[in-house]
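J.: Below is one structure. I have some questions about it.
The values are calculated or read from the model by the stated rules, or taken from the named source; none is laboratory data. Quantities reported herein were computed from a predicted structural model and do not represent experimental measurements. For neighbour counting, all protein chains shown are included, and Cβ atoms are generated from backbone atoms with ideal geometry for every residue, glycine included. Heavy atoms of the whole protein, side chains included, go into the accessibility calculation; ligands, DNA and RNA do not. Shrake-Rupley method; radii C 1.70, N 1.55, O 1.52, S 1.80 Å.
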Amino acid sequence: MSPVVTIHQIMGNNTDVQVRRKLEPGTTSCWRRFRNRVCGALGLPIKRGPTKPTDWFLDKFSAEEFYAIDEPEEKCGPSWLCCWKRSVDPTHSVHYQWLAVVSLAVLYNMVFVIGRAVFWELDKASTSWFALDYLCDAIYLIDTAIHMHEGYLEQGIMVRDARMLRQNYMKSDWWPYDFISLIPTDIAYYWWPPGNCDFDRLPCPVIVRLNRLFRLPRMWEWFDRTETATSFPNAFRICKVVMAILVLIHWNACLFFAISYAIGFGTDNWVYNITGSRNETLAHQYIYSFYWSTLTLTTIGETPQPEIDVEYIFVVLDFLAGVLIFATIVGNIGSMISNMNVARVEFQNKMDGVKQYMAFRKVSGELEARVIRWFAYTWAESGALDEEHVLASLPDKLKAEIAIRVHLDTLREVEIFKDCEPGLLEALVLKLKLQVFSPGDYICRKGDVGKEMYIVKRGRLQVVADDGTTVLATLGAGSVFGEVSVLDIAGNRTGNRRTANVRALGYSDLFCLAKRDLWEALADYPEARATLTKRGCQLLRKDGLLDETLFESAKTTQLSLEENVRKLESTVDLLNNRLQGLLADVGQEQAKLKQRITKIECRFDSDEEFDSDDTSPELRNEMKATSYMESPSCSTQYGSTVDASHPVRERGYSLCVDRSPGLLEITPEPRSKSLRLKRKEIPN
């Protein structure tokens, strides 16, 4: 039988909704998920199986993954060589898991290459070393192909073209390290056969595989991604530092054993003494070297006294490395541990400050106990996190989606959110403020001015009568109250006053939505506003607090007001169109006026040129007309200034001073010819 998943009271309904889904066998489902994730990371086609029913409430707010559609998909045959033309998404979870596999291979080479090169018993202890070595080499080779085809962002879009990915890889700083780590240095085994090393012949041939350590950047990349993705970054940082300490001690132990071989085992008290059956065992050799390395690097001392110069130099270098490296490591560990408790320290400081204030102001013990219990409840439930401060750096879209996921169970139960648009829900959840009430606290009292509405997230509330003992109703998660006083319903006999007393039965978490924020959110969603208003009217009718006459008249007035507003908007649009037409006509008339002024200016210039006493009036008029018609300044300044529809007039001049500033300097000539002659005869 297929299991049945029952969800109670979804979206405010009291009936049970049964959602049936068929589950596949565990092994088949796990294999299909693994195959789909691998194919998705490599860009291969995915075979989709039967899909399970989706949650419509979550589906309409979930963001879909976007893929660029303008990049042509490269086609290839069914061969596995097709992967060479594919791209790898570095943000996919399979790529992260692959980095973990590569990190294990790098760690294997980092620990066992140097260990097998120095401790010959370790190199001979197992016959499976070659299988592990070449398995790591195969991982390196596959990782090089994957690294070469990892997508990157260009202008915010993931580049998936294989040729561009390979070019970007060759331009990066990582390909030399990958190439060096793939050099087949194992060819040296042909001349230097493995397995022939002992206390007289060190190091072992496996030392040629030290080039495999050049793949370290891939392990650092996995560390960075893990530190970013994990929910416990401080704990991961501590584990990473501990691993680094152990690797350092291991390498230093191997160097101590190698120097002991170079100087000679047992030649003095400082080097390792290999004589004796116990000292010849691998376990004792490694444990003693590891112990000596730990004492030296931690600068604890109590190690054998060096006797020759080489030993002194090595010990001094070890002490310096220990002081520098371990001081840094210990400091980092201290800061990590302090960061792990920083939230608790800040919370404790706030609580201590409040307690000191209450003690200074001599607050009663009962109230002080309630405050302390409130602090304890807040820390136990949320860790005293300031949600607004934590999410302040995120965009509104992501903050809304996080709030919807976090408060999903509460929002499901709210009736007004049943069929609302995603935009309204996103606007509302960003304006909700979480408030915590202690047992016995009154959220609102009858007759108070209503400025907020409340949504119950967690806890139980009681609607009590004026006597404070009679319980009229009990509210649970998803209940909404206080919306009547913030809706400003016309005909409400109580105005915007509270109509009931609501008291917290225990510790209760409520979302508070202010009146101004509610109306700002409902301004663009009239259907949701009508639904909320309808529900408020039902509550008022139930208590007999709604004046039907005033309510109907207000509805009629509102409808007529909306109609008048629409008419006013149409009239304004008509006047705007007419104004645009008039402005166009004024522009045309202004252009014509400029042309006429230019013609008059040109005519005035011709009159000044040909106005002399030696020329007859008939000839002077003819020359004026000819000069005016042929004047280049008049014919080119505003195009063709002579128009048949605007003939040149033989009348007085009407010039604009701004257009003809030369008029200010002209002195008027007398009309009489004798007076003009007299003026010319007068010397200057």
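J.: So for the range 555-562 (the condition being open to solvent by less than 40 Å² (accessible area, probe 1.4 Å) and not basic (Lys, Arg)), does at least one residue qualify?
T.: The initial filter retains those residues of the range 555-562 that are open to solvent by less than 40 Å² (accessible area, probe 1.4 Å), namely none.
There is no residue in the range 555-562 that is open to solvent by less than 40 Å² (accessible area, probe 1.4 Å) and not basic (Lys, Arg).
J.: Please verify whether residue 466 is over 39 Å from the mean Cα position of the chain (by Cα) and loosely packed, with under 13 Cβ neighbours inside 10 Å, treating the condition exactly as stated.
T.: Working: over 39 Å from the mean Cα position of the chain (by Cα): yes; loosely packed, with under 13 Cβ neighbours inside 10 Å: yes.
Judged against the criteria, residue 466 is a match.
J.: A further question follows. Kindly indicate the residue of the range 258-317 that is among the acidic types (Asp, Glu) and surrounded by fewer than 16 Cβ atoms within 10 Å (Cβ to Cβ) and also modelled with the lowest pLDDT among those meeting that condition.
T.: So the first thing to find is which residues in the range 258-317 are among the acidic types (Asp, Glu), and the list is 268, 280, 302, 307, 309, 311.
Imposing the further condition that a residue be surrounded by fewer than 16 Cβ atoms within 10 Å (Cβ to Cβ) reduces the set to 268, 280, 302, 307, 309.
Details: 268: 87, 280: 85, 302: 75, 307: 87, 309: 90.
The extreme case among them is 302.
J.: Residues in the range 335-345: is at least one open to solvent by 40 Å² or more (accessible area, probe 1.4 Å), farther than 30 Å from residue 458 by Cα and free of Cβ contacts under 8 Å to residues at least 60 places away in the same chain?
T.: Filtering the range 335-345 down to residues open to solvent by 40 Å² or more (accessible area, probe 1.4 Å) leaves 335, 337-345.
Filter once more, keeping what is farther than 30 Å from residue 458 by Cα: 335, 337-339.
From the residues that got through so far, the ones that are free of Cβ contacts under 8 Å to residues at least 60 places away in the same chain too are 335, 338.
Yes, the range 335-345 has at least one match.
J.: Continuing with this model, one more query. Got a sec? Which of 449, 471 is farther than 21 Å from residue 400 by Cβ, over 38 Å from the mean Cα position of the chain (by Cα), exposed (fewer than 15 other Cβ atoms within 10 Å of the Cβ) and at pLDDT below 85? Full working, then the answer.
T.: Working: 471 fails: at pLDDT below 85.
Answer to the check: 449.
J.: Quick check: anything in the range 231-239 over 32 Å from the mean Cα position of the chain (by Cα), open to solvent by 70 Å² or more (accessible area, probe 1.4 Å) and free of Cβ contacts under 8 Å to residues at least 12 places away in the same chain? So that I can check it myself, show each step before the final result.
T.: Narrowing the range 231-239 to residues over 32 Å from the mean Cα position of the chain (by Cα): none.
No.
J.: If you don't mind, another one. With respect to residue 187, determine if the residue is farther than 19 Å from residue 106 by Cα and at pLDDT below 90. Reasoning before the result, please.
T.: Working: farther than 19 Å from residue 106 by Cα: yes; at pLDDT below 90: no.
So residue 187 does not fit the description; no.
J.: Restricted to the range 498-516, and to residues that are part of a loop (DSSP other than H, G, I, E, B) and closer than 16 Å to residue 464 by Cα, which residue is most open to solvent (accessible area, probe 1.4 Å)?
T.: Here is the first cut: in the range 498-516, the ones part of a loop (DSSP other than H, G, I, E, B) are 498-500, 505-507.
Narrowing the set further to residues that are closer than 16 Å to residue 464 by Cα leaves 498-500, 505-506.
Values: 498: 18, 499: 51, 500: 33, 505: 94, 506: 22 Å².
My answer is 505.
J.: Counting just the residues of the range 245-254 that are of a type in the set (A, V, I, L, M, F, W, C) and crowded, with 17+ Cβ neighbours inside 10 Å, which one comes out modelled with the lowest pLDDT? Walk me through how you get there before you give the answer.
T.: Residues of the range 245-254 that are of a type in the set (A, V, I, L, M, F, W, C), as a first pass: 245-249, 251, 253-254.
Now restrict to residues that are crowded, with 17+ Cβ neighbours inside 10 Å: 245, 248-249, 253-254.
Details: 245: 89, 248: 92, 249: 92, 253: 93, 254: 93.
Among them, the one singled out is 245.
J.: May I pose another question? Quick one: how many residues across the range 433-446 are over 17 Å from residue 501 (Cβ atoms) and buried (at least 20 other Cβ atoms within 10 Å of the Cβ)?
T.: Initial filter on the range 433-446 (over 17 Å from residue 501 (Cβ atoms)): 433-436.
From what is left, the residues that are buried (at least 20 other Cβ atoms within 10 Å of the Cβ) are none.
The number of residues fulfilling the criteria is 0.
J.: Are there any pairs, at least 6 apart or on different chains, whose C-beta atoms fall under 7 Å, with the first in the range 575-586 and free of Cβ contacts under 8 Å to residues at least 40 places away in the same chain and the second open to solvent by less than 90 Å² (accessible area, probe 1.4 Å) and not in a helix (DSSP H, G or I), and if so, which?
T.: So the pair list comes out empty.
J.: Output the number of the condition that residue 533 fails; it satisfies all remaining conditions of (1) crowded, with 16+ Cβ neighbours inside 10 Å; (2) touching a strand residue (DSSP E or B) at 6+ places or on another chain (Cβ under 9 Å).
T.: (2)
J.: Output the number of the condition that residue 194 fails; it satisfies all remaining conditions of (1) open to solvent by 60 Å² or more (accessible area, probe 1.4 Å); (2) in a loop (DSSP other than H, G, I, E, B).
T.: (1)
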